Amino acid sequence: MKRGMLCALLMAICLLLTGCGGGQEIESCLFVLAMAVDPAPDGNLTVTVKALSGTQDAAGGSSSLEGENEQGAEGGGSDLEKAEPGYIVLSATAPSCLRALSLLSATTPRTVNLSQLREIVISRTLAQTDATLSILKEIHAMYRANGEAIVVVTPDDAGDFIRRQRAILGVRLSKYLEVLFEHFSELDTIPPDAQLSAVIAAMESGTIDASAVYAAGNRFDSTLSLETGAELDRLPGHLPRTSPAENEYLGTALFSGPRMTGVLTGEETGLLCLMMSKAERRTTFIGNAQYKTNLPTRVHRRIDAEDGALCVSIHMNLTRIAGEESASAVEIAAQIERACVDVLLRLRAAGSDAIGFGRLAVRKSLTIGEWEKRNWPLEYEKLPVRVSAHVKVL
Amino acid sequence: LPNNRTVTERRVQESWRSRACAAGLCVGAQVFLFGTGIAMPIALNSAWLAALAVLPAAACLAAACRKSAGKAPSRAAYALLFLTLMLNAVFAVSALIGFAEQTLLEQTPALWSVTVTVCAVALCALSGGEGVSRLCFALRWLLPVLIVLLVFFSMPMKIPDGLFPLMGPGAAQLGMAALCMLGASSPVLMLLLPPPDLAFAGEDAAACQLPSKAFFIRRVLLGTGAGILLLFAACVCTTYESIGESAAWGMRLRIVASDQPHEGIPQTILIILQMTAMVLLASSMLCAAEEALLQIKGNLKRMRLGLLLSGIFLFLTLILLTAFGFEILLAAAPVLIVPTAVVPALFGKRKDVPR
């Protein structure tokens, strides 16, 4: 009797614990790889997504979808464009990001799925408003949205930016974007904590400010010549080069709270990574020589107890691997110190504590009330900065 | 060869040892659930400091339970004990549902979640208090160590950003949170009930000496410490602003499993282990509640009617909570401190029953 009851219960459990209920077929999902958000008239937002079309032959897939687009456009401004084989670009305009995505879901015969999202591009005009945080939080709150997607700010139209985004060098777009961000992270030309969840956490925090990747379309004909000789001491869109990849990811978009307040060039971003102890660059050019870099200890950051100065102490070993040595260790150290001070002053001028000195300052406050009364953002803008670099040329 | 007396003595010792391990594991799990559910909204990042108040409370309670073990109080005392243990089970299952909805079963309807979770807990409790205690005993090191290791690998931020400001919103809120946390020690009350397997050992078992007070206190404190450590990890790996933004209980429960529970293998294993701890807590409480019910009415032992009644009580309470919102439970849970203090006193009043 007891065994019979147990067997019956186990069979019931088999039915109850089935994992198949409410399952989604892969064909029924619209896997979004890149998303762009632009401002639209009357306080609306235009959300553009680049997604897998699910077919190898884009023409076959697009004909049916174009029909939907017409319906969607009549119903509320949904737009669809043919992008490249295997991918489709859709856009919708609505008062909020979430409603725009709902509109896309409602006008496409597939469920919008953000689990494969690799990048979120926001136009600079929008990033300079307080709406950025709410937009990012709406995206993050969507079912299974990928919190590791990289947040990118562009001075161009964000929708056009992702339309130009193509997978080159023979890989699929998702892998291409992964490799691209990994590669630029290794070069330290993009900030280290630009992932969606990290950006939201930093924007919500009172002890650190967010930083995102700065990117733009290449305008080879309008090359901006900067005063310094460093190749990467530029902003994206101004690099003297030609390539099938039109978009350039270089530099940092600085935020103060939820609002974008400044930018850093590629070279400055490298120094920012260095001061954040997240530098990954293994080789560097100083003068005409190429050096292999090594940080034997973590970069030490502190707030001076006497004058409250923001202090950074860097210890670096350099091994020359090519070229002629033109500067001594002391000269190189002085050069790094000057450059780091410049970056800190730029951060301070933008009111952006991207390095996180606030996390050191908060330690002196016992309660949240005490910390908030201190008004760190205002204090930060007045504090002096000091950098000491110790370089050993091996 | 050992004689019968030695064998019985060893059996009594081992039964109580597994019972004490189960109590320790349950208190640890309950500390984490109370911490994320009740203390975090009040004390934000300093919830772990508030949880430290559970250490002396759990130790005192374990000592009181040891003192009162083997005494037979009135039916009312057993009824109060039954309700306290059931409230603990309801709290654990509610946490399990909220956690599952935020992690592995995001699109599952609430009623379905309740049914599946109650079935899982009831199935685990089917082996009886003895079986669950033995399982807890087997996992007493493995479960906490694996959780700690996985927390280390899964934490969204390695730097303890959330540690400061150390006192969180202030001393008043910290005190209030500490007071609310005291109810987390209530699973220790299961030590008032003798292990069910000793009933078969007869009079020999009754004559055997129980393990010492320190024996119980040590095991309960170890479990409580593990729970506080996990709560500490949840508090320090995120900022007080993010804790304040996490409105749902399930969101706070998953902080240590980072933002990406679907993608990473360590995160998913951590979630499963956390769920295992919650299931063990719920099934231990359910079994203990069944034992308390049997003390009130002995004939409920037949065909596990006691467990059936406890299961129905659990299911109906959860259905009501689904309809009216789990916030009611979170608001009511701190009241657990009252029966937690009263029940050992009621048990202590009566004289020893003849063995």
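The values are calculated or read from the model by the stated rules, or taken from the named source; none is laboratory data. Nothing here was measured: the structure is a model prediction, and the numbers come from that model. Here the Cβ positions follow ideal geometry from the backbone for every residue, glycine too, while neighbour counts run over all protein chains shown.
Scanning the stretch A:282-298 for residues that are without any contact (Cβ under 8 Å) to a residue 60 or more places away in the chain, among the charged types (D, E, K, R) and surrounded by fewer than 17 Cβ atoms within 10 Å (Cβ to Cβ) turns up at least one hit.
Flag: B:I38 matches the condition of being of a type outside the set (D, E, K, R), touching a Cys at 6+ places or on another chain (Cβ under 6 Å) and in contact (Cβ under 8 Å) with a residue 24 or more places away in the chain.
Restricted to the stretch A:368-394, and to residues there that are crowded, with 19+ Cβ neighbours inside 10 Å and facing another protein chain (nearest Cβ under 9 Å), the residue that is farthest from A:C311 (Cα to Cα) is A:I368.
Of all residues in the stretch A:133-156, those satisfying the criterion of being charged (D, E, K, R) and within 11 Å of chain B (Cβ to nearest Cβ) are A:K137, A:R144, A:E148. Of the residues making up the stretch B:102-114, those that are within 13 Å of chain A (Cβ to nearest Cβ), touching a residue at least 24 places away in the same chain (Cβ under 8 Å) and either more than 13 Å from B:R254 (Cα to Cα) or under 20 Å from the mean Cα position of the chain (by Cα) (or both) are B:L111, B:V114.
Of all the listed residues (A:L33, A:L10), the sole one being within 14 Å of chain B (Cβ to nearest Cβ), within 30 Å of B:A100 (Cβ to Cβ) and at pLDDT 70 or above is A:L10.
The one condition from (1) touching a helix residue (DSSP H, G or I) at 6+ places or on another chain (Cβ under 7 Å); (2) at pLDDT below 90; (3) within 23 Å of B:A120 (Cβ to Cβ) that B:F315 does not meet is (2).
Residues that are of a type in the set (S, T, Y) and closer than 18 Å to A:S388 by Cα: does the stretch A:292-302 have at least one? Within the stretch A:292-302, one or more residues are of a type in the set (S, T, Y) and closer than 18 Å to A:S388 by Cα. The stretch A:79-141 holds strands (runs of 3 or more DSSP E) entirely within its bounds, and those carrying 3 or more residues that are hydrophobic (A, V, I, L, M, F, W, C) and modelled with pLDDT of 90 or more map to A:87-94, A:119-123.
Among residues of the stretch B:1-25 that are modelled with pLDDT under 80, those with a Cβ under 7 angstrom from a residue that is surrounded by 14 or more Cβ atoms within 10 Å (Cβ to Cβ) and of a type outside the set (D, E), sequence gap 6+ or separate chain, pair up as B:T8/B:A201; B:T8/B:A205; B:T8/B:C208; B:E9/B:C208. Taking the stretch A:131-151 as the range and being within 12 Å of the chain's Cα centre (by Cα), more than 19 Å from A:S96 (Cα to Cα) and crowded, with 19+ Cβ neighbours inside 10 Å as the test, the residues that pass are A:G147, A:A149, A:I150. Please determine whether any residue of the stretch B:296-303 is surrounded by 18 or more Cβ atoms within 10 Å (Cβ to Cβ) and not hydrophobic (A, V, I, L, M, F, W, C). Checking the stretch B:296-303: not a single residue is surrounded by 18 or more Cβ atoms within 10 Å (Cβ to Cβ) and not hydrophobic (A, V, I, L, M, F, W, C).
Per-residue answers, yes or no, for (1) more than 14 Å from every other protein chain (Cβ to nearest Cβ); (2) in contact (Cβ under 8 Å) with a residue 24 or more places away in the chain; (3) farther than 16 Å from A:E381 by Cα; (4) not hydrophobic (A, V, I, L, M, F, W, C):
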{"residue": "A:S313", "(1), (2), (3), (4)": "yes, yes, yes, yes"}
{"residue": "A:R320", "(1), (2), (3), (4)": "yes, yes, yes, yes"}
{"residue": "A:G323", "(1), (2), (3), (4)": "yes, yes, yes, yes"}
{"residue": "A:I332", "(1), (2), (3), (4)": "yes, yes, yes, no"}
{"residue": "A:Q335", "(1), (2), (3), (4)": "yes, yes, yes, yes"}
{"residue": "A:V343", "(1), (2), (3), (4)": "yes, yes, no, no"}
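In the stretch A:115-130, of all residues being out of contact with any Ser or Thr (no Cβ under 9 Å at 6 or more places or on another chain) and surrounded by fewer than 22 Cβ atoms within 10 Å (Cβ to Cβ), the one that is farthest from the other protein chains (Cβ to nearest Cβ) corresponds to A:T125.
Are any of the residues in the stretch B:102-122 under 30 Å from B:R218 (Cβ atoms) and at pLDDT 85 or above? Within the stretch B:102-122, one or more residues are under 30 Å from B:R218 (Cβ atoms) and at pLDDT 85 or above.
Just one of (1) at the interface with chain A (Cβ under 10 Å from one of its Cβ atoms); (2) free of Cβ contacts under 8 Å to residues at least 12 places away in the same chain; (3) of a type outside the set (V, I, T) fails for B:A138. It is (1). Quickly run through the stretch B:164-183 and pick out the residues that are at the interface with chain A (Cβ under 10 Å from one of its Cβ atoms) and within 28 Å of B:A92 (Cβ to Cβ). Selection gives B:G168, B:P169, B:Q173, B:L174.
Taking the stretch A:175-206 as the range and being within 14 Å of another protein chain (Cβ to nearest Cβ), surrounded by fewer than 23 Cβ atoms within 10 Å (Cβ to Cβ) and more than 15 Å from the chain's Cα centre (by Cα) as the test, the residues that pass are A:E204, A:G206. The residues listed here are A:F285, A:F357; of these, the one that is within 22 Å of A:P192 (Cα to Cα), of a type in the set (F, W, Y) and at pLDDT 85 or above is A:F357.
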